[in-house]
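The values are calculated or read from the model by the stated rules, or taken from the named source; none is laboratory data. Remember, predicted model here, so these are calculated numbers, not experimental data. With ideal geometry, Cβ positions are generated from the backbone for all residues, glycine too; neighbour counts draw on all protein chains shown.
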Amino acid sequence: MPFSCRIELNPLRLNSRYVRNLCIVGLQWGDEGKGKIVDYYADGFEAVVRYNGGSNAGHTIVINGRTFVFHLLPSGLLKKKKLLIGPGVALDPLTLREELDMVAKEGGEADLMVDERCTLVTTLEKEMDSFIEGLRGANAIGTTKRGIGPSYAMRALRLTPRAGDLVNGSFDMSSAIAFYGSFLKTIPDLTEWKDRSREVLAGKMGDVGGKVMELNEAGHSVMFEGAQGTLLDLIFGTYPYVTGAHTIASYVPAGLGIPNSALGDVMGVAKAYTTRVGGGPFPTEMTDETGEKIRKVGKEYGATTGRPRRVGWLDLVGLKYAVRLNGVSELALTKLDILTKVKEMKVCVGYSIDGSETGDFSRALPRLADARPVYQDMRSFFGLELRENQLPQVAEQLLEFLEDELKVKVTLVSTGEERSATMQRHA
Ligand code: IMP
Ligand code: MG
C-alpha cells in the first residue's frame, strides 16, 4: 500500500509540483523493524536511500516465509526500487559484493548507485575495530567489528581514500598504512581487497544527493532508510556506547548533501518492547524469564552478529527523547504480537535516580546506569489474537496511551514478520 501523502503537512515544492519524501528512523537502540516498514511502504517511492551507518546494520525482511537480511543494500530491493547508498555511509565493498551476488543468485538485479564520497571500510578498519575493543577491556562497547567507527574516524583524520578515489585510480593508502603500522603488529596486504573492491564499485559511482534532487524535481518521492537507532547516535545516544555515525533524521540532509527541506516526513519506528545489542546502560532491561521468553519468541538475536539481544520493557522516557530529536511526525509500532506470549505488560514512564524521579532522558543520560525504571502496569496482551484487521481493545488502549504520552499518532502497527501482518491506523 502506498504511503498516504498528507501534503498539507510539509510539502517540498519543486517545479510547482509537490513531492513527499519520507525518512524511516529507529527510535530505540536499533532493530526496531525498520527494514520491514521500508519494504512495506516502498511502493509509493521511486528510490530507497541509505544515508548512515554501514554493514553493522542488519535489516531483516520476511516474505512468504523466507528471510532476507541486508547489511548495506537498502531494503527497497525486494520492491525493485532504485537503490542509493549516500556519502554518509561507511562502505565495505566486499559486503556489497556478497549482497549483490545473493541478489543475482535469486535471479534479481539491483539498480544501484553508490556515492563516490562514501568513506571506505577496508580490512584495516576492521582490524582497528577489534584492536580498540581489546583496549577497552571490560568497558568494551560490543561493536559489530565491521570497522564502522574506525572508517568514520579515518575520514575525520583525512587519512583514508573514498570510494570514488578507489575507482578513479587516485587511491593512496600510504598515510593510512603508516598510521596503522604505528599500532597494529601486522598490516594485511590490501592488493586483493583493492582489486575486488574496485571491480564491485566500477560503474556504480555517482552523486547520490544530486540524484535525490533530480528524482524530486521529476516529481518522484524518495525514502530515506535509517540504520541503527536514535539512542545509538554518536552525539545524542548513550555515549560512549554508541555507533560511529549519526542515526537521527537530521543526518539525512547532511549525510546526503540535500537541503533540509527535502527531508520530508519522519516516521519513527519503535518496537513494543526494547532491545539492545552490546554494552551500555539499559534502564528497562529484563534479566528474568519474561525477558528470556520475549527474546525467544521475538527471535531477538543480532542479524549481523548473531548475539542474543538484551531485552527490556518499552521505555517512554527514551522514546519521548527520540521523538523530539527526530521531529517524528508519525510512529510505527512493531512486534506487538510478541507481547501476546507473555503474561505481564509494563511500560516505563519515568526513571528514579537516587530517589528523585525524572522523565527527561537527556538529564538522566549521565546517570543512566543508575536509573531505575518507574513502571506503569498495562493490561496484558497474553493470548490475544492480533491477526484481524481490527486490533483488540487492549491493544488500542496501549496505542492511545502512547499517543497521549508521545503526542504523536501511531499510524502503523506490525503484528508479525510478514508484509501482510501490518495495519494502518488513522489512514
Ligand atoms: P558499531 O556500530 O559496530 O561500532 O557498534 C556500536 C554499537 O552499536 C554496538 O553496541 C552495536 O551492537 C550497536 N549496533 C551497531 N549497529 C547496530 C544495528 O544495526 N542494530 C543494533 N545495534 C547495532
Ligand atoms: Mg538490525
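Regarding the range 39-52, can at least one residue be identified that is under 16 Å from the mean Cα position of the chain (by Cα), acidic (Asp, Glu) and away from ligand 1 (no atom under 15 Å from the Cβ)?
Yes: the range 39-52 contains one or more residues that are under 16 Å from the mean Cα position of the chain (by Cα), acidic (Asp, Glu) and away from ligand 1 (no atom under 15 Å from the Cβ).
When you look at Val347, is it within 23 Å of Ala421 (Cα to Cα) and either within 14 Å of ligand 1 (Cβ to nearest atom) or touching a Phe, Trp or Tyr at 6+ places or on another chain (Cβ under 7 Å) (or both), yes or no?
Judged against the criteria, Val347 is not a match.
With the condition being within 14 Å of ligand 2 (Cβ to nearest atom), I'd like the strands (runs of 3 or more DSSP E) fully within the range 48-121 carrying at least 2 qualifying residues.
Numbers: elements: 59-63, 66-70, 82-85, 112-115.
Strands (runs of 3 or more DSSP E) meeting the threshold: 59-63, 66-70.
For the range 327-357, which residues satisfy the criterion of being closer than 19 Å to Gln28 by Cβ and assigned to a strand (DSSP E or B)?
Residues satisfying the conditions are Glu330, Leu331, Ala332, Leu333, Thr334, Lys346, Val347, Cys348, Val349, Gly350, Tyr351.
Restricting the search to the range 207-236, which residues are on the phi > 0 side of the Ramachandran plot and small (Gly, Ala, Ser)? Let's see the steps before the verdict.
Going through the range 207-236, the residues on the phi > 0 side of the Ramachandran plot turn out to be 219, 228.
If the condition is that a residue be on the phi > 0 side of the Ramachandran plot and small (Gly, Ala, Ser), then Gly219 is the only one that fits.
Looking at Val317, Val297, Val277, can you tell me which residue is over 16 Å from the mean Cα position of the chain (by Cα), over 26 Å from Pro392 (Cβ atoms) and among the β-branched types (Val, Ile, Thr)?
Val317
Inspect all residues belonging to the range 255-269 and state whether any of them is part of a helix (DSSP H, G or I) and free of Cβ contacts under 8 Å to residues at least 40 places away in the same chain.
So far as the range 255-269 goes, yes, one or more of its residues are part of a helix (DSSP H, G or I) and free of Cβ contacts under 8 Å to residues at least 40 places away in the same chain.
Looking at the range 384-415 only, could you name the residues that are outside any helix (DSSP H, G or I), touching a strand residue (DSSP E or B) at 6+ places or on another chain (Cβ under 8 Å) and not basic (Lys, Arg)?
Asn389, Leu391, Val408, Val410, Thr411, Leu412, Val413, Ser414, Thr415, listed by residue number.
Show the residue pairs that are 6+ apart or on different chains and have beta-carbon atoms under 7 Å apart, the first residue being within the range 328-347 and under 11 Å from Gly298 (Cβ atoms), the second being crowded, with 23+ Cβ neighbours inside 10 Å and among the acidic types (Asp, Glu).
Thr334/Glu32
Being within 16 Å of ligand 1 (Cβ to nearest atom), more than 19 Å from Thr119 (Cα to Cα) and aliphatic (A, V, I, L, M) narrows it down to one of Leu263, Leu232, so name that one.
Answer to the selection: Leu232.
State whether the residues of the range 223-234 include one that is more than 16 Å from ligand 2 (Cβ to nearest atom) and surrounded by fewer than 23 Cβ atoms within 10 Å (Cβ to Cβ).
Yes, the range 223-234 contains at least one residue that is more than 16 Å from ligand 2 (Cβ to nearest atom) and surrounded by fewer than 23 Cβ atoms within 10 Å (Cβ to Cβ).
On the basis of being at pLDDT below 95, among the charged types (D, E, K, R) and not assigned by TED's automatic domain parsing to the domain that holds Ile187, does Glu99 make the cut?
Judged against the criteria, Glu99 is not a match.
Residues to consider are Gly298, Gly318; find the one that is more than 24 Å from Val62 (Cα to Cα), in contact (Cβ under 8 Å) with a residue 40 or more places away in the chain and crowded, with 18+ Cβ neighbours inside 10 Å.
Gly318
Restricting to the range 140-191, and then to whatever is surrounded by 15 or more Cβ atoms within 10 Å (Cβ to Cβ) and of a type in the set (Gly, Ala, Ser), can you tell me which residue is farthest from the chain's Cα centre (by Cα)?
Here the residue is Ala176.
For (1) among the aliphatic types (A, V, I, L, M); (2) surrounded by 15 or more Cβ atoms within 10 Å (Cβ to Cβ), each residue gets a yes or a no:
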site: Ala332; (1), (2): yes, yes
site: Cys348; (1), (2): no, yes
site: Arg367; (1), (2): no, no
site: Gly383; (1), (2): no, no
site: Gln390; (1), (2): no, no
site: Ala395; (1), (2): yes, yes
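Yes or no: the range 120-134 includes at least one residue that is within 21 Å of Leu256 (Cβ to Cβ), in contact (Cβ under 8 Å) with a residue 40 or more places away in the chain and not aromatic (Phe, Trp, Tyr).
Within the range 120-134, one or more residues are within 21 Å of Leu256 (Cβ to Cβ), in contact (Cβ under 8 Å) with a residue 40 or more places away in the chain and not aromatic (Phe, Trp, Tyr).
When Gln28 is evaluated against the numbered criteria (1) on the phi > 0 side of the Ramachandran plot; (2) within 14 Å of ligand 1 (Cβ to nearest atom), which criterion, by number, is the only one it fails?
For Gln28, the failing item is (1).
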